Amino acid sequence: MSGHHISTDKTLLGVAGALLFLTILTVGVHYIHIPSPWNIIVAMGIAIFKATLVAMFFMNLYWDEQFNSLLLISSIAFFALLVAFTLLDTLFRPEIMPGF
Amino acid sequence: MANHSSSASESRFMQHHFVDADQQFDAAKMGMWIFLVTEILFFGGLFAAYVVYRLWYPELFTLASEELNTLWGGVNTVVLIGSSLTVAMAIKSAQLNQKKNIAINLGITLALAGVFMVIKYFEWTHKFHLGIFPGEFYSFEGIDHPKANIFFSLYYLMTGLHGIHVVIGMGLMAWLLWRSLKGHFNSEYYTPVEITGLYWHLVDIIWIFLFPLFYLID
């Protein structure tokens, strides 16, 4: 474990190429018009995969101290809690409040 | 690291309260990650608001998204991916002691961030011209939905907060570029490049989510 991993050009360019390909893919899928809810699932799936590539290979988490990965994962977990508990309210209102 | 052992190689930026340069580096990096956690939760509040409103008014998001230009959103995605690549290249250049390449890569990053902001400027001013403003200032007639202003309030808040981060990142890149030209960074010391890189990659990740959430709704 060391924070000083030196990435090769091949790795960096490969990751950038994959991100470029996935960007084109997500735009392409958008024009196919997959029926809901699969369109949002596919779009978010591609975005999560892209974000994972950036985090692992550009932000070096793949080679880094695992504690830094734990920090990132904990922030995502708390974000999920925020969304989940908010939706427990907003999804189950008899009617949306006027002005909202 | 083996090349950190001799005292002669210790950087002038090494601070006395750390055991060695590696400990200083790892402490700075962990500190940056903790800051990034707060950033994720800072944006997280807005993403949560987005989820609430998209589930309340799904048809609004489909209609209003058509006012956003997928081409320019896509170009900006590619621009930010390119800038993330050049930041990673700048760090690699520092690790390999290629001092000139640090400055070149930071310069390209700064330029790409500028391209991103110029495209954003034209996107926003085009909408202002149509009367698409956030909240009560909204006066566009082209979207047949009573809550059309809500979509654009979220759009301006989320891309605006992201844009502020890009501008701050440009300031940091300019500072790093200046320091790299002064020869401050080498394989022994490149902590500011590394942790600013982490910040910049997070800004890229936020955009990776904003792009499909606003531009790619059908």
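Bear in mind that the values in this text are calculations on the coordinates, not laboratory data. Owing to the predicted nature of the structure, the values given are computational and were not obtained by experimental measurement. Every residue, glycine as well, gets a Cβ built from its backbone with ideal geometry; the counts of neighbours run over all protein chains shown.
Once the cut-off is 21 Å, how many percent of the Cα-Cα pairs in the range B:1-116 end up in the long-distance tail?
On the way: 4338 of 6670 pairs.
Percent of Cα pairs beyond 21 Å in the range B:1-116: 65.
Provide the packing ranking of B:58-70, A:47-59, i.e. peptides ordered by the mean count of other C-beta atoms within 10 Å per residue, highest first. Before the final figure, lay out the partial values.
On the way: B:58-70: 17.0, A:47-59: 20.4.
Descending packing order for the listed peptides: A:47-59, B:58-70.
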Residue mean of other protein chain beta carbons inside 10 Å, A:87-96
2
Largest-first principal axis extents, alpha carbons of the range B:131-180, Å
53, 15, 15
Pairwise Lys count, the protein assembly as shown - Cα closer than 20 Å, eight or more residues apart or different chains
8
Compute log10 of I(q)/I(0) for chain A with the Debye formula, placing one identical point scatterer on every Cα and leaving out solvent, at q = 0.17 Å⁻¹, to two decimals.
-0.97
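When only C-alpha pairs under 8 Å and at least 6 residues apart count, what is the relative contact order of chain B, in percent? List each step's numbers first, then the result.
Details: 207 pairs, mean separation 69.6, N = 218.
Taking the mean separation of contacting Cα pairs over the length of chain B, I get 32 percent.
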Where only alpha carbons of the range B:18-215 are counted, the Rg and the Dmax (Å):
19.4, 64
So the label point goes 7 Å from the Cα of A:Ile32 along Cα→C-beta, right? Which residues of the range B:60-99 then have their backbone N under 12 Å from it?
none
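How many partner chain Cβ atoms sit within 10 Å of a residue's Cβ in peptide B:92-98, on average, as a whole number?
The mean count of partner-chain Cβ atoms within 10 Å per residue comes to 2.
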Using 0.36 nm times the number of residues separating A:Tyr62 and A:Leu87, minus their current alpha carbon distance, what extension gain do you get?
5.7 nm
Quick one: net charge of A:Leu71's neighbours, Cβ under 15 Å, K/R +1, D/E -1?
-3
Going 7 Å from the Cα of A:Asp9 along its beta-carbon direction, which residues of the range B:63-103 have the amide nitrogen within less than 19 Å of the resulting point?
B:82-103
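Can you give the net charge of the other residues whose Cβ lies under 12 Å from the Cβ of B:Val166, counting K and R as +1 and D and E as -1?
Working: positive: B:Lys120; negative: B:Asp204.
Taking every Cβ under 12 Å from that of B:Val166, the sum is 0.
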Can you give the mean number of other chain Cβ atoms that lie within 10 Å of the Cβ atoms in peptide B:21-30?
3
Could you tell me how far the Cα centroid of the range B:77-146 sits from the Cα centroid of the range A:1-67, in Å?
18
Using only Cα atoms, figure out Rg for the protein assembly as shown and give it as a multiple of 2.2 N^0.38 Å.
1.08
Please build a GNM for chain B, connecting alpha carbons under 10 Å apart, and tell me which residue among B:Val79, B:Val193, B:Val51 fluctuates the most.
B:Val51
Please give, to one decimal in nm, the separation of the simple spin-label points placed at B:Phe137 and B:His16, each 7 Å out from Cα toward the Cβ.
5.3
